[in-house]
Number of protein chains: 2
Amino acid sequence: MSVDYNKLTSITFQKLKEIVGEQYMYTDVERLEKYGSDETEDLVFLPEVAVCPQTVEQISEIVKLCNQRKISVTTRGAGTGLSGGALPIKGGVVLSMEKFNKILNIDTRNLQATVEPGVINYIFQEEVKKLGLFYPPDPASWGSCSLGGNIAHSSGGPKAVKYGTTRDYVLNLEVVLANGEVIWTGANTLKYSTGYNLTHLMVGSEGTLGIVTKIVFKLIPLPKHDLLMLVPFKNAESACEAVGSVFRAGITPSAMEFMERDAIEWSIKYSGEVNFEIKPEWNALLLIEVDGNHMDVLMNDCEKIAEIMQQNGSDEILFADSAEQKNALWKIRRKVGEAVKSNSVYKEEDTVVPRAELPQLLKGVKDIGAKYGFKSVCYGHAGDGNLHVNIIKGDLSDKVWDEDLPKGITEIFQLCKALGGTISGEHGIGMVQQKYMSIIFPEYQLQLMRDIKKVFDPNEILNPGKIFVAK
Amino acid sequence: MSVDYNKLTSITFQKLKEIVGEQYMYTDVERLEKYGSDETEDLVFLPEVAVCPQTVEQISEIVKLCNQRKISVTTRGAGTGLSGGALPIKGGVVLSMEKFNKILNIDTRNLQATVEPGVINYIFQEEVKKLGLFYPPDPASWGSCSLGGNIAHSSGGPKAVKYGTTRDYVLNLEVVLANGEVIWTGANTLKYSTGYNLTHLMVGSEGTLGIVTKIVFKLIPLPKHDLLMLVPFKNAESACEAVGSVFRAGITPSAMEFMERDAIEWSIKYSGEVNFEIKPEWNALLLIEVDGNHMDVLMNDCEKIAEIMQQNGSDEILFADSAEQKNALWKIRRKVGEAVKSNSVYKEEDTVVPRAELPQLLKGVKDIGAKYGFKSVCYGHAGDGNLHVNIIKGDLSDKVWDEDLPKGITEIFQLCKALGGTISGEHGIGMVQQKYMSIIFPEYQLQLMRDIKKVFDPNEILNPGKIFVAK
């Protein structure tokens, strides 16, 4: 049954003000619009108030207050999410973690770091790099997304193919529970077998089980070298086939990105900085990086990869021969999402399948598109079998968009499941994918998840209306 | 409040017989003793019956029956556990997974395998090796432990330091729930952000949330080469100090094992096969392995490691120069546990701390031992900060053993916590460590875990009396 949430009374407003301080609390429409949207389509839901707490104690007080009064609390990182996870769809309070922006400790003895969740991914990466260390998870939005948001969805990025996603680097979390209690979920250790793993339960739970206030990350030594190549293909499915062959040859690249022609073309146009010719016969490209400490090994790997690419029908390979060229190529890849967004109304699906099933997924997406009359631009982390399918509204009527498209998306997700995959690899379910959860899970399994939610948050005040359709 | 379990009636016996078949059901004392013990101390708890189902459907039927009748069901792998996780302490039914011993599929296209949980770890390793693939988790008991048991505790082993524990290789699990429903916890994908991660919740839950009936593992390419060295130290704390230095130098060995003098001496005596001189001045040894595809890189790493060892005061390093010598050294390491067990009544603690805190942990263990008058033999996975502390009864009186020892163990675990660690890295909590859980977690956090248990298993029939002290 859907929960009814209370509106804030003037007393509640007053109490919130006392807890966080007047200057850290916003009620003006302009700010509420900012705190009521993220990067998901053009969705906006206005909260009644946005607060920016500065201490764990304040968060505990806020949550206790809202828990007593049944007021919705939507925790928010940097608002770069693509599934509507940070949208306050039940109004109430938006709790922004923007003041939790400190790297508290980089422990070079243990190769660990303790950070606050509002720290921006890229800033953290750069700080640990200065000490010869490496924090690999690198979503396309790394320049603006927060580490707390990364935990909410177990975000990936290009490097996940070799180094894993956010989950693989989280050792321990400080979490404020819905009743205001503060726990540490685990220990600062590389191995852990001490009761149910609450750390791993929290990662990917999209702010519905608790509010993360400190993170202990594992770090690894920074690889000394990397090499980057761009590989064009006439045939997109051949590009996907080539991906699997590389891994089967025993090579694990540090990035293995796929882009359809439109994706790269739109991105070049959008970023406007890169002068790069896309030949008319190219229909897809792979961006492949290898990294490590021994340049001769990397050169050797690149040669093998080039051979495999040619066997799969690639055109001439471009090796990035300077830091500038590498940055330019990465910039094109990272800007694809924004470029698509600027081009048309669209919907992005975060499909994921076992790596070798990628050609079948791509073919299926195109066939389903043809059936329902929509165009898609596909790109993503091919090495992980993670394909971002951007469905373009273009000239489609609102009626087709609203009524037929969900049928097409349903078929795409059914295909993912049939191929051993699922409906989100790294963007999460949030608001916009929850209606598709029943494709993947039977009702009793969804109910298990709802019941876990109830254990942590009996009044369902934390990020309500996400992940599951309400029952 | 502690749950009361029902004894089996003759009707229940009859139904179980109909479900699994008479030849797969045991009630004779000799067999029940076998199914009522594991490798934890000398503990035995007799179940009323042991059954060996052969299909998922049978397990579903058994669980449904026991759930209706409130009969305890303890799922059992190969019985090699060290925390009493497989002991049927509430009697009832032992459900042995020994007939679930098939490798169902090794998918060389996707580098995945689907296996049943009763498959022995070493057999699985050897099968994937034949295809050039690698499943790294390798507990000391790999020759006899089952993959299902490994999942129950997220078992590690020497290779965890480079490759992670069981958790890091589990993609998806088929699980029979307490009500008999069968679910797949996730998808066969490398990335996953589709609701609460039930796969990761199940791993390490010690058979208390469901019964794993199929496992989809991630595999990786098999490294082509490895090198092994044995490094003696006069001073055990110096050996621990040397461990941290290797990782800080940017090298990640594929094994970094620590053994106190007694551990290696007892093991050599116990296995009786290896002729190897332990010099009188050696008090600890490190067994260090590097692996990879490029021998020159490995040689280079070994040189650097040797240098670091010497800087930390090592004596002359022995390089294993043949497969036989490697096997002999590994055999010594793997047999330490059995050797200690054969030597005296003992208790094993599975302490784990951040890697660089290992010298402090070792010193603390010895100081606490001196205070309470007990001797300990320590060994384990130093690269992971995971130290197995074997407390030896020797000449201690039963009174000291029963009354004072728990105080000493409590102090050791308090030290682990103070150092950022916890009370189990890979053995789990099971029966024997549950009374110490309150050192690590506040009561409301333990209650959270109990409530999660209740979601999955409202009648608390699955492996009851484990992980938490009953409330």
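Computed quantities for the displayed model
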read-out	value
Qualifying positions in segment A:45-92 - outside any loop (DSSP other than H, G, I, E, B), of a type in the set (D, E, K, R) and within 18 Å of A:K7 (Cβ to Cβ)	A:R69
Checking A:M449 against (1) touching a Gly at 6+ places or on another chain (Cβ under 9 Å); (2) part of a loop (DSSP other than H, G, I, E, B); (3) surrounded by fewer than 21 Cβ atoms within 10 Å (Cβ to Cβ), the condition it does not meet	(2)
Selection within segment B:372-383 - touching a residue at least 60 places away in the same chain (Cβ under 8 Å) and closer than 15 Å to B:E349 by Cα	B:V377, B:C378, B:Y379, B:G380, B:H381, B:A382
Options A:L87, A:L65, A:L82: the member that is surrounded by 23 or more Cβ atoms within 10 Å (Cβ to Cβ) and more than 14 Å from chain B (Cβ to nearest Cβ)	A:L87
Candidate set from segment B:412-445 (those that are more than 22 Å from the chain's Cα centre (by Cα) and farther than 25 Å from A:D107 by Cβ); member that is nearest to the other protein chains (Cβ to nearest Cβ)	B:Y444
B:A382 under 22 Å from B:E289 (Cβ atoms), more than 18 Å from the chain's Cα centre (by Cα) and crowded, with 19+ Cβ neighbours inside 10 Å	no
Contacts under 9 angstrom Cβ, first residue in segment A:332-352 being within 19 Å of B:K191 (Cα to Cα), partner among the β-branched types (V, I, T) and in a helix (DSSP H, G or I), 6 or more apart	A:E348/A:V340; A:E349/A:V365; A:E349/A:I409; A:E349/A:I412; A:T351/A:V365; A:T351/A:I412
Selection within segment A:98-147 - hydrophobic (A, V, I, L, M, F, W, C) and part of a helix (DSSP H, G or I)	A:I123, A:F124, A:V128, A:L147
Residues of segment A:170-189 classified as assigned to a strand (DSSP E or B) and more than 22 Å from the chain's Cα centre (by Cα), total	4
Checking A:I183 against (1) in contact with a helix residue (DSSP H, G or I) (Cβ under 6 Å, 6 or more places away or on another chain); (2) surrounded by fewer than 24 Cβ atoms within 10 Å (Cβ to Cβ); (3) among the aliphatic types (A, V, I, L, M); (4) more than 8 Å from every other protein chain (Cβ to nearest Cβ), the condition it does not meet	(4)
Check on B:Q360, over 22 Å from B:G164 (Cβ atoms) and touching a residue at least 24 places away in the same chain (Cβ under 8 Å)	yes
Residue within segment A:215-222 that is within 7 Å of chain B (Cβ to nearest Cβ) and buried (at least 24 other Cβ atoms within 10 Å of the Cβ) present	no
Candidates A:E260, A:E265, A:E206 - the one that is at the interface with chain B (Cβ under 10 Å from one of its Cβ atoms), under 24 Å from the mean Cα position of the chain (by Cα) and within 28 Å of A:G364 (Cβ to Cβ)	A:E206
Members of segment A:281-303 that are within 17 Å of A:A242 (Cβ to Cβ) and loosely packed, with under 15 Cβ neighbours inside 10 Å	A:E281, A:E303
Helices (runs of 4 or more DSSP H) fully within segment B:289-403 counting 3 or more residues that are within 30 Å of A:T252 (Cα to Cα)	B:295-311, B:323-343
Test: residue in segment A:124-141 that is among the β-branched types (V, I, T) and within 14 Å of chain B (Cβ to nearest Cβ)	yes
Filter result for the condition that a residue is in contact with a Cys (Cβ under 9 Å, 6 or more places away or on another chain), crowded, with 19+ Cβ neighbours inside 10 Å and touching a residue at least 12 places away in the same chain (Cβ under 8 Å), over A:I467, A:I409, A:I429, A:I440	A:I440
Residues within segment A:381-407 that are touching a Phe, Trp or Tyr at 6+ places or on another chain (Cβ under 6 Å) and either closer than 20 Å to A:E260 by Cα or within 14 Å of another protein chain (Cβ to nearest Cβ) (or both), tallied	6
Selection count where residues are of a type outside the set (S, T, Y), under 22 Å from B:N390 (Cα atoms) and surrounded by fewer than 24 Cβ atoms within 10 Å (Cβ to Cβ), scope segment B:236-256	3
Any hit, segment A:160-170, residues being among the aliphatic types (A, V, I, L, M) and facing chain B (nearest Cβ under 8 Å)	yes
Residue ID - nearest to B:Q54 (Cα to Cα), chosen from residues in segment B:107-123 that are within 14 Å of chain A (Cβ to nearest Cβ) and either at pLDDT below 95 or in contact with a Lys or Arg (Cβ under 9 Å, 6 or more places away or on another chain) (or both)	B:T114
Of residues in segment A:150-159 being at the interface with chain B (Cβ under 9 Å from one of its Cβ atoms) and in a loop (DSSP other than H, G, I, E, B), the one nearest to A:P137 (Cα to Cα)	A:G156
Residue among A:A328, A:A356 that alone is surrounded by 14 or more Cβ atoms within 10 Å (Cβ to Cβ), closer than 26 Å to A:D226 by Cα and within 14 Å of another protein chain (Cβ to nearest Cβ)	A:A356
First in segment B:106-131 and surrounded by fewer than 17 Cβ atoms within 10 Å (Cβ to Cβ), second anywhere and part of a helix (DSSP H, G or I), Cβ under 7 Å, 6 or more apart	B:T108/A:R248; B:R109/A:G244; B:R109/A:A356
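The values are calculated or read from the model by the stated rules, or taken from the named source; none is laboratory data. Keep in mind it's a predicted model, so treat the numbers as computed, not measured. Methodologically, a virtual Cβ is constructed for each residue, glycine included, from the backbone with ideal geometry; neighbour enumeration extends over all protein chains shown.
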